[in-house]
Amino acid sequence: MQKQALTELISYLEDVAAKVRRLEEEGDAVIETEGQLAFQAKLEEKAELLAALGEKAWKLTEAVGGELGKEIAARLEQFSMSASTSLRIGSVFFMTALLYPEDHQPGEPNDLETFITDLKGKL
């Protein structure tokens, strides 16, 4: 049961990660054509998606159960809290930096994608 639950959770997280990438790409595109406000709107969508991550994945995380489920829940809550903070303070810079460590290089996976890869290793 835990393996199936983990597989379902990974699938859900992959969908979220793909949406995040799409929103970032759309944000990069609209800043050139529509300006800063359109860019900010895309980043706010990204932050809202991540802010809800812990809650939306809760049932799947609970189904994983055990220590692994607790570890996953804690990590997803970190993503959610950072995103909620970025929305609360309204920082476009903070929203842009969500999921990216200071030393991130273009083309490298973001923190959510890295987390998904780590979870796949536990299957």
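Figures for the structure shown
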read-out	value
Members of the range 86-111 found to be polar (S, T, N, Q), open to solvent by less than 40 Å² (accessible area, probe 1.4 Å) and touching a helix residue (DSSP H, G or I) at 6+ places or on another chain (Cβ under 8 Å), listed by number	Ser86, Asn110
One residue from Leu123, Leu68, Leu99, Leu119 being touching a residue at least 40 places away in the same chain (Cβ under 8 Å) and more than 13 Å from Leu6 (Cβ to Cβ)	Leu99
Only listed residue being under 14 Å from Leu112 (Cα atoms) and out of contact with any strand residue (DSSP E or B) (no Cβ under 6 Å at 6 or more places or on another chain), chosen from Ala63, Ala47, Ala5	Ala47
Residues satisfying the stated conditions in the range 112-123, i.e. open to solvent by 50 Å² or more (accessible area, probe 1.4 Å) and assigned to a helix (DSSP H, G or I)	Thr114, Thr117, Asp118, Lys120
Boolean, Thr7 is of a type in the set (Val, Ile, Thr), out of contact with any helix residue (DSSP H, G or I) (no Cβ under 8 Å at 6 or more places or on another chain) and part of a helix (DSSP H, G or I)	yes
Single condition Ile31 does not satisfy, out of (1) under 24 Å from Thr61 (Cα atoms); (2) at pLDDT below 95	(1)
Hey, Val16 β-branched (Val, Ile, Thr), open to solvent by less than 60 Å² (accessible area, probe 1.4 Å) and over 13 Å from Leu112 (Cβ atoms) or not	no
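The values are calculated or read from the model by the stated rules, or taken from the named source; none is laboratory data. Nothing here was measured: the structure is a model prediction, and the numbers come from that model. In this analysis, Cβ positions are derived from the backbone assuming ideal geometry, glycine residues included, and neighbour counts consider all displayed protein chains. With ligands, DNA and RNA removed, areas are computed over all heavy atoms of the protein, side chains included. Shrake-Rupley method; radii C 1.70, N 1.55, O 1.52, S 1.80 Å.
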